[in-house]
Every structure is written in C-alpha cells, then in structure tokens.
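Before anything else, here's the structure in question.
The values are calculated or read from the model by the stated rules, or taken from the named source; none is laboratory data. Given the structure is predicted, the values throughout are model-derived calculations rather than measurements. Positions of Cβ are generated from backbone atoms using ideal geometry, with glycine treated the same way; all protein chains shown enter the neighbour counts.
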Amino acid sequence: MATQDEIDDVHNLKMKLWVNGDKMQDGNTNTMIFDCYYVVHYLSQFMTLEAGDLISTGTPPGVGLGMKPPGYLKARDTVVLEIEQLGRQEQVCRNA
C-alpha cells in the first residue's frame, strides 16, 4: 500500500490482471464510473474506514463472462493483479 503523498494521481493509475500468465485485463482508474474520492466519501457514510482497509470497486473490461465462450476461474488458476504505484498481488484459486 502507499500513503497519499506517494501517489501522483489516484485517478490515473494503470491496472492489469493476468490469469495463468495471460493478460486478461488492462485498464486505468480514469475510466472508473465513480472516482476514488467519491467512493471513499460514500462508504464512509455507512461504515468507519480505517487505515489498511481495502475497497473493492469492480473491474476493467476483460471479464470472463463477456468472452465467447465465457471463461471462468477454476481450481489451481493463478491470478495476478497489479495497480501502478500500489503494487502487485497473486492468488491461487481453490475449490470452496
């Protein structure tokens, strides 16, 4: 994570996502329907946000449902997501 002074412009960060090494999504925070400040403002009306809280906002184009045929995550798939200036994380899918 980062502090506010470490990010040049939260409304212009590249976002990318790979599944098993294949790039599936490539977007930018400047295409979000609601900007970052509004999302924090709106949520803070209903809950107390604390340092370290993460807010999931949705996804850029490239979701599996929109593929022909649709593609869904399955057990052992590796998902890597990256947001410029914030970092990168990796998850391995498992059956529930």
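If I filter the range 25-46 down to residues being among the aromatic types (Phe, Trp, Tyr) and in a helix (DSSP H, G or I), which single residue comes out as farthest from the chain's Cα centre (by Cα)?
Among them, the one singled out is Tyr42.
If I ask for residues that are farther than 15 Å from Thr57 by Cα and surrounded by 13 or more Cβ atoms within 10 Å (Cβ to Cβ), which ones from the range 26-46 would you list?
Matches in the range 26-46: Asp26 only.
Among what's in the range 47-74 and is of a type in the set (Val, Ile, Thr) and loosely packed, with under 13 Cβ neighbours inside 10 Å, pick the residue that is modelled with the lowest pLDDT.
Of everything passing the filter in the range 47-74, Thr57 is modelled with the lowest pLDDT.
Out of the residues in the range 1-23 meeting the condition of being of a type in the set (Asp, Glu) and in contact (Cβ under 8 Å) with a residue 12 or more places away in the chain, tell me which one is nearest to Tyr37 (Cα to Cα).
Asp8
While we're on this one: Quickly run through the range 1-19 and pick out the residues that are more than 19 Å from Thr59 (Cα to Cα) and surrounded by 14 or more Cβ atoms within 10 Å (Cβ to Cβ).
Correct list: Ile7 only.
Within the range 75-96, track down each residue that is part of a loop (DSSP other than H, G, I, E, B), surrounded by 10 or more Cβ atoms within 10 Å (Cβ to Cβ) and at pLDDT 90 or above.
Within the range 75-96, Arg76, Asp77, Glu84, Gln85, Cys93 qualify.
Return the residues of the range 4-24 that are part of a loop (DSSP other than H, G, I, E, B) and more than 15 Å from Ile83 (Cβ to Cβ); say none if nothing qualifies.
Asn20, Gly21
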